[in-house]
Each structure stands twice: as structure tokens, then as C-alpha cells.
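Step one of this worksheet: look at the structure below.
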Amino acid sequence: MFAPTEDQRSLIETVGDAARRVLGATLKEDDEAERFRKEYISELGAVGLCGVTTPERFGGLGLGIVEYALVLEEIAKVSASYAVSVAVTGLPQAILRDFGRPDQQDAWLPGLASGALLGAFALSEPDSGSDAAAMLSTARREGDGWVLNGTKFWITHGGYADVYVVMARTGGPGPKGVSAFLVPAGAPGLSFGKKEEKMGMRASPTVELVMDNLRLPADALIGAEGEGFRVAMAALDSGRITIGAVAVGLSQAALDVAAPYAKQRRAFGQPIIEHQGVGFMLANMAIQIEGARLLVHKAAWLRDQGQPYSHVAAMAKCAATDCAMAVTTDAVQVLGGYGYTREYPVERYLRDAKVMQIVEGTNQIQRVVIARHLSRAYGP
Ligand SMILES: Cc1cc2nc3c(=O)[nH]c(=O)nc-3n(C[C@H](O)[C@H](O)[C@H](O)COP(=O)(O)OP(=O)(O)OC[C@H]3O[C@@H](n4cnc5c(N)ncnc54)[C@H](O)[C@@H]3O)c2cc1C
């Protein structure tokens with residue numbers, strides 16, 4: 001996609017206005033206080049931003065993932081933390097849309113799509129992140145229902161969400177022994193442990209989730225028993241596109257601060273942008289952002305077309321998040337000493353960028369996915 005359509009352009013404007021209005025005022029204080037405001041999600045949801053790809057019959061916008069990427073990029077230009085929140089509350093929606101039963105969809109999708117309810121996704125554990133299929137949490141049948149035990153780690157929205165998609169082991173070792181469950185907040189046996197103190201994304205809560213004989217009814221299972229790992233990986237495949245889009249927005253925000261600064265800041269009798277060392281740094285930032293954006297849009301387009309897209313989503317996630325790390329680092333450099341202070345937002349951008357190389361599959365794991373694809377594509 002080389003230029004947005006009229007509809008996409010007007011969507012971008014609506015999102016930018018909403019993000020600045022809802023999130024703009026408290027960015028700095030919420031970053032400093034590590035405060036998440038759930039009501040902001042409801043406000044973004046009120047203008048349709050929490051259910052972009054959820055079908056209209058459930059109150060979503062029913063658009064493609066290309067539009068979703070545009071939305072997330074715009075939100076991330078204001079706050080990467082809330083762009084991630086919108087992406088995370090989108091994960092249970094995508095799972096319910098693609099794998100849920102009609103009664104599960106009716107029960108949860110309208111609330112999640114409108115932002116009235118908040119969703120979360122719980123796969124990682126203290127001893128299994130990249131190697132998620134090594135999870136230890138268990139779910140066993142008891143009477144008419146299920147009993148879950150174990151600990152999930154790093155759960156975005158933990159303690160704030162109204163519903164969690166939780167992966168737990170119902171069978172033997174490996175991916176085929178994993179099933180997915182819908183866990184409503186307040187389910188007996190569900191509690192939350194420590195909230196992580198983080199380097200960046202500080203307006204996004206990351207919390208330990210504890211299941212101590214957590215009781216669920218039989219119909220809490222999503223999809224078939226043993227299908228949970230496939231459910232999780234499908235969600236993460238498109239999640240990689242969304243994280244890429246957030247990274248592009250964050251990178252663009254950094255360039256949007258650094259370039260005008262370099263035009264007005266003078267050294268040695270001229271604006272610093274005229275010094276080739278600075279001008280080239282800005283040029284490289286722009287090159288990386290354009291490239292990353294195109295790759296994110298290509299992955300999104302392939303998915304919208306129903307074509308294989310996993311390896312391109314992995315490339316997009318790597319390219320965009322590596323871009324965000326490089327571009328935000330250079331933005332701090334362009335601003336010199338001022339860039340290192342909280343007077344300007346670029347130090348927050350730099351702190352926010354780092355985690356995107358880690359979440360939804362680290363960038364090493366993305367390269368594993370890409371290398372496997374190459375081996376299949378070129379091998380006998
Ligand atoms: C802020 C934040 C929010 C998060 N939100 C969620 C959430 O909402 N839900 C959820 O389920 N999880 C969440 N996570 C967890 C995240 O997905 C994991 O941190 C991530 O998958 C990496 O797992 P790990 O931290 O256990 O690292 P490890 O798997 O222990 O990896 C450590 C290092 O080893 C490398 N490595 C591991 N295996 C290989 C390999 N085969 N080849 C090359 N390198 C390898 C990794 O790339 C990494 O550099 C979140 C994490 C953070 C920090």
C-alpha cells in the first residue's frame with residue numbers, strides 16, 4: 001500500500017485526534033507514576049478503536065488488518081503504551097473471532113470491541129517465554145468443569161482485564177498438550193501477584209497471574225482440547241504485525257521531534273541539520289521508518305488477502321522494532337543533552353522501544369521463523 005485511500009485517510013485523522021485528546025494530557029505523569037488508566041481504553045473504544053478488525057455485528061469496525069496497522073501507528077505516535085493496550089485487548093477478540101463458539105463471541109466480543117471491557121492474553125510463564133510449549137500450568141477436568149493451576153508471567157493488563165485467554169496443559173508434553181481457556185476476572189482461584197517495575201512502557205501494567213485451583217465451567221474451553229498452542233500462535237502471527245505498527249508509530253514520533261529540533265538548533269553558525277553528520281542521521285532514520293512501514297503494510301495486506309504471511313509478519317516485526325530501537329537512540333543523539341532529559345519525550349521513546357524487540361516473540365525467535373521459512377523455500 002503506497003498511499004492511504006480516502007476512507008483510510010479520514011480514519012487516520014480520527015485516530016490522531018482521539019489519541020491526542022484522550023491520552024495527550026497525562027503522558028508524562030503516567031510514565032513517571034507507572035499508572036494505567038483503564039478509562040482511556042473505554043474512551044478510545046467509544047470511537048471504535050478497540051475493535052478495528054472485529055466484525056460489525058459484534059460492534060467492531062469490521063475492517064482489515066491494514067486499517068488496524070494504521071490505527072495503531074497513529075495511537076503509538078502519542079503513546080506506545082496505549083497502542084500496545086489496544087493491540088493486547090485485540091488478541092482475545094481475534095481468538096474469539098477465529099476460534100470461539102457463537103455463545104462465547106456473543107458474550108464477550110461486543111464489550112471488548114466497544115472498549116467497555118478489557119482483554120488480556122496469558123501464555124508466558126516464569127520458566128517458559130520463547131519456548132512457550134514448555135509451559136507447566138495445567139488444566140484438569142473435574143466434574144462438569146475444569147480446574148487450572150499454575151503461574152503466568154508478564155501479563156499485560158493483569159488485574160485490570162475483564163477477561164483473559166489463558167493457555168494451560170490438558171495433555172502430555174509439547175504443543176499438542178496445550179488448550180486455551182476463557183477466564184473471566186473474578187473467577188474463583190484467580191489472583192494476581194507482583195506488578196513489574198519496568199524501564200519503559202510504564203503506562204502499561206505487566207503483572208503476574210496466579211491460578212490456584214481456578215474453577216471454570218466446561219464451556220470455558222476455546223476451540224478443541226489440544227488446540228490451544230495453535231490458537232496462541234495464530235494470535236501471535238497477526239500480533240506481530242500489530243507490534244510492528246506500534247514500533248513504526250513510535251519511530252515516526254521520534255523523527256517528528258528530532259527533525260524540527262535539528263532545523264532550529266544551531267552550532268558552529270548554522271542549524272545542526274546542515275552538518276552532514278546530523279543530516280545523515282536523520283536521513284537514515286527516515287529510510288528505516290519508510291522501509292519498516294512498507295513491510296508492516298505488506299504483511300497486513302497479505303493477511304487481509306488470505307495469503308501466507310507468517311514469515312513476512314516476522315520480518316515486519318523485526319524490521320520495525322529494530323528500527324524503533326535505532327531511530328529512538330539517534331533521536332536522543334540529535335537532541336544532545338536535551339534529549340537525555342525528561343524535558344523532551346525522546347528519552348521515553350527510547351525506553352518504550354526496547355521492549356518491542358522482546359514481546360510477542362523476541363527478535364531472535366522471529367529470525368528462527370524466517371530461517372525456517374527460507375529452509376523450506378529453498379530446500380528439497
Ligand atoms: C512488558 C512485557 C509485556 C509482556 N506481555 C505479555 C502478555 O501480555 N502475555 C504473555 O503471555 N507474555 C507477555 N510477555 C512475555 C514475553 O512474550 C516474553 O518475555 C518473551 O516471549 C520472551 O520470553 P522470556 O522473557 O522468557 O525470554 P527467554 O525465552 O528466556 O529468552 C531469553 C533470551 O534468549 C533468546 N532465545 C531463546 N530461545 C532462543 C532460540 N531458540 N534462538 C535464539 N535465541 C533464543 C531470546 O531471544 C532472549 O534474548 C511480556 C513481556 C514483557 C517484558
Residue check, LEU63 against (1) assigned to a helix (DSSP H, G or I); (2) open to solvent by 20 Å² or more (accessible area, probe 1.4 Å), all met but one. Which one?
(1)
Could you tell me whether the stretch 194-216 includes any residue that is outside the structural domain of SER130 (by TED's automatic domain parsing) and in contact (Cβ under 8 Å) with a residue 60 or more places away in the chain?
no
Kindly evaluate ARG21 against the criterion of being under 15 Å from GLY111 (Cα atoms) and open to solvent by 50 Å² or more (accessible area, probe 1.4 Å).
no
For the stretch 340-350, how many residues meet the condition of being within 16 Å of the ligand (Cβ to nearest atom) and open to solvent by less than 40 Å² (accessible area, probe 1.4 Å)?
2
Specify the residue that is surrounded by the most Cβ atoms within 10 Å (Cβ to Cβ); the eligible residues are those in the stretch 111-138 that are outside any loop (DSSP other than H, G, I, E, B) and away from the ligand (no atom under 16 Å from the Cβ).
ALA113
Which members of the stretch 356-370 meet the condition of being near the ligand (Cβ under 6 Å from one of its atoms), under 26 Å from VAL332 (Cα atoms) and surrounded by fewer than 19 Cβ atoms within 10 Å (Cβ to Cβ)?
ILE358, THR362, GLN364
Yes or no: ALA353 crowded, with 22+ Cβ neighbours inside 10 Å, within 16 Å of the ligand (Cβ to nearest atom) and not assigned by TED's automatic domain parsing to the domain that holds LEU63?
yes
Quick one: in the stretch 106-151, of everything that is in contact with a Pro (Cβ under 9 Å, 6 or more places away or on another chain) and not aliphatic (A, V, I, L, M), which residue is modelled with the lowest pLDDT?
ASP144
Scan the stretch 157-168 and tell me whether some residue there is touching a strand residue (DSSP E or B) at 6+ places or on another chain (Cβ under 6 Å), more than 29 Å from GLY16 (Cα to Cα), open to solvent by less than 10 Å² (accessible area, probe 1.4 Å) and away from the ligand (no atom under 15 Å from the Cβ).
no
Checked ALA18, ALA76 against criteria (touching a residue at least 40 places away in the same chain (Cβ under 8 Å) and out of contact with any Cys (no Cβ under 7 Å at 6 or more places or on another chain)); the one match is ALA76
Looking only at the stretch 191-216, count every residue that is surrounded by fewer than 21 Cβ atoms within 10 Å (Cβ to Cβ) and within 17 Å of ASN149 (Cβ to Cβ) and tell me the total.
8
Scan of the stretch 144-156 for residues that are among the charged types (D, E, K, R) and more than 12 Å from the ligand (Cβ to nearest atom), ordered by number:
ASP144
Picking from ALA254, ALA259, ALA247, which residue would you name as being over 14 Å from the mean Cα position of the chain (by Cα), buried (at least 23 other Cβ atoms within 10 Å of the Cβ) and assigned to a helix (DSSP H, G or I)?
ALA254
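The values are calculated or read from the model by the stated rules, or taken from the named source; none is laboratory data. All of these numbers come straight from a predicted model, not from anything done at the bench. Neighbour counts run over all protein chains shown; Cβ positions are idealised from the backbone, glycine included. Heavy atoms of the whole protein, side chains included, go into the accessibility calculation; ligands, DNA and RNA do not. Shrake-Rupley method; radii C 1.70, N 1.55, O 1.52, S 1.80 Å.
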